[in-house]
Structures are given as structure tokens and as C-alpha cells.
1. Return the total of residues in the stretch 174-214 being exposed (fewer than 11 other Cβ atoms within 10 Å of the Cβ), part of a loop (DSSP other than H, G, I, E, B) and at pLDDT 90 or above.
2. Against the definition (touching a helix residue (DSSP H, G or I) at 6+ places or on another chain (Cβ under 6 Å), under 21 Å from Val66 (Cα atoms) and among the small types (Gly, Ala, Ser)), how does Ser181 come out, yes or no?
3. Conditions first: (1) without any contact (Cβ under 8 Å) to a residue 40 or more places away in the chain; (2) among the aromatic types (Phe, Trp, Tyr); (3) farther than 21 Å from Met71 by Cα. Tyr155 passes all but one, so which condition is the exception?
4. Got a number for residues in the stretch 162-186 being within 18 Å of the chain's Cα centre (by Cα) and charged (D, E, K, R)?
5. Do you know which residues across the stretch 103-126 are under 13 Å from the mean Cα position of the chain (by Cα) and buried (at least 20 other Cβ atoms within 10 Å of the Cβ)?
6. Within the stretch 201-214, does at least one residue satisfy the condition of being farther than 20 Å from Asp133 by Cβ and either in contact with a strand residue (DSSP E or B) (Cβ under 9 Å, 6 or more places away or on another chain) or among the small types (Gly, Ala, Ser) (or both)?
7. Taking the stretch 135-166, which residues are small (Gly, Ala, Ser) and buried (at least 18 other Cβ atoms within 10 Å of the Cβ)?
8. Among the numbered criteria (1) free of Cβ contacts under 8 Å to residues at least 24 places away in the same chain; (2) over 16 Å from the mean Cα position of the chain (by Cα); (3) under 28 Å from Ala207 (Cβ atoms), which single criterion is violated by Pro85?
Amino acid sequence: MPVELAPPAAFPIAPDSPLVYPPRKRWTRAECESIEATGLWERDRVELIEGELITKMPKKRPHVLVFMAVMKWFATVLDMDYLNPEAPINVAPEDNPTSEPEPDLAVLTKPGVDYAGGNPPASDVRLVVEISDSTLAFDLGPKARLYARAGIPEYWVFDVKARLLIVHRDPVAGRFSSVVSYAEGESVATAVSAEPFPVARAFPFTAESVLFAD
């Protein structure tokens, strides 16, 4: 006999109510550093964002290919010493105690050796790049707000599935006031280079040649 499904249940309380989610610990950078020093965990597998430890998603091949293509382009128009790949940066002073983002790439105002004693401050970050194949909503939401509050002037998100570059500019009151999507066939002018970035350069593979797992 066919099984009769129950009708959708009404949800009497808001999904973000404390009655739905158990209490969650909010972490600070100091706490993370203390635990990391004990050797009990590998910090490179998580990222501290707004007090929560976010597990880094495994980098699928499309992500790797886009990263390599974008990195190669920046290396042709800028000195490699000013590129900060897959390494932490500081953000706004009010966010620093509970956030330590590690963007896929950051363009700095000074050579990396100038920051041997700590993370580059947000004031020295000219552009941040995130490559999104499975984290798009997070990169366009919490991370965009975090970078905007830090006053980072330009934030690029590569939407790998849609083959788009989403450019955020002009941070105002914790939000980027300009958000524009660029498709293949278009180029993006940027303050960090006199040469515009051709979006097609980021996607050296056809859409049919890659598979994305949900």
C-alpha cells in the first residue's frame, strides 16, 4: 500500500529561536590561539568568523583551477610580494577579537615581509578575493559584511558554478554600496592595476567539463 505522508507541520516558533538551537559557544581569537598552542587541533581546517569556528570546505578541482588562474593574472600585473594568498588578515577593530578571515587572496599595500610579526591590518588591504563553489551565500553574506565593516575598498567573489565575478565596492556603514556582477566576455577595471581583469581568464575550463556535488 502506498504510504500517506503527514501534512507539513506548523512551526510555532521562529527557526532562530533559542528553543530550536542548543546553546553555542562563541570563540575569540585568543581562545583559539591558546588551544592551537596545545596541539589539540589543526587550526588550518577552520576559520574564525564572528565568533564561530567555520569548517573550511574541501577545495574541489574547479575551485583550484579558478584560484590558479586568478593568482596567475595578478602575478602578471603586480609584484608577487604584495599578494597574500590563503592567509589570515585583520578586520575592523571591533571584529578582530572574534574574527580572523583567511580569504583566498588579498592584495596588500606593502610587501608581505613587512607583516612578519602579525596579520596585515585591514587598512593595508586593497582588495580581497573569495572563490565560491559551495560557499556562495556565506561569502556574499557574513563575509561581505565583515570586509565592508573593515573598510576594505574592493571585494571580489568568483561564483564558480555561474561563471560570474561579483564585485563589491564602496563600503558604507558596514555594507558595500556597489555590488555588480560581471559575466564572461566582460572585463573589470580595478584600482590595483592599470590593466582590467578579463572575467573569462578565471574560467579556463568549460561548464560541461566539471561536476559539482551538492
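The values are calculated or read from the model by the stated rules, or taken from the named source; none is laboratory data. This structure is a prediction, so every number in the text was calculated from the model and none was measured. Reconstructed Cβ throughout: ideal geometry from the backbone, glycine too, with neighbour counts over all protein chains shown.
1. Qualifying residue count for the region: 1.
2. Taking the combined requirement at face value, the residue does not satisfy it.
3. Unmet for Tyr155, out of (1) without any contact (Cβ under 8 Å) to a residue 40 or more places away in the chain; (2) among the aromatic types (Phe, Trp, Tyr); (3) farther than 21 Å from Met71 by Cα: (3).
4. Matching residues across the stretch 162-186 total 4.
5. Pro103, Asp104, Ala106
6. No: zero hits.
7. Across the stretch 135-166, the qualifying residues are Ala144, Ala148, Ala150.
8. The number of the failed condition is (2).
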